[in-house]
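What follows is one structure encoded as structure tokens, with my remarks underneath.
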Amino acid sequence: MKTETLDTLATAGSRTTGGGAVVGFLGWLASSQAIGLLGICIALLGTLVNWYYRREADRRSEASSMTKRQSMHCAWS
């Protein structure tokens, strides 16, 4: 995947986390256990998605950086 795509998916994960937190808070205000649990589940899912895609973006960035370093080293040799 392209880095831009990974960043977009990570942003979507952050938004999902925020949405889950809002739903959880609204569920707490309404004192409905089902809505509260749904909000917590959505927030956890969003956090996991965000973590996964940020990790993938970091891996891709590190690989790109390593490739650039190696090409610079070869150019100087």
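Computed values, structure above
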{"quantity": "Cα-projected label distance for residue 15 with residue 33, points at 7 Å along beta-carbon direction, nm", "calculated": "3.3"}
{"quantity": "Segment residue 67-residue 22, extension gain: residue separation times 0.36 nm, minus the distance between their alpha carbons", "calculated": "12.0 nm"}
{"quantity": "Over the chain: Kirkwood hydrodynamic radius from C-alpha pairwise inverse distances, Å", "calculated": "14.3"}
{"quantity": "Estimated 222 nm signal from helices in the chain, with DSSP H stretches of n ≥ 4 weighted -39500 (n - 2.57), rounded to 500", "calculated": "-34500 deg cm²/dmol"}
{"quantity": "Protein accessible area in the chain, 1.4 Å probe - carbon and sulfur %", "calculated": "66"}
{"quantity": "Average accessible area per residue (Å²) across the chain - probe 1.4 Å, nucleic acids and ligands excluded", "calculated": "77"}
{"quantity": "Compactness of segment 27-69 as Cα Rg over 2.2 N^0.38 Å, two decimals", "calculated": "1.94"}
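The values are calculated or read from the model by the stated rules, or taken from the named source; none is laboratory data. This one's a predicted model, so the numbers in the text were calculated from it and none came from an experiment. No Cβ is skipped: glycine too gets one built from the backbone with ideal geometry, and neighbour counts run over all protein chains shown. Accessible surface areas use protein heavy atoms only, side chains included; no ligands, DNA or RNA. Shrake-Rupley method; radii C 1.70, N 1.55, O 1.52, S 1.80 Å.
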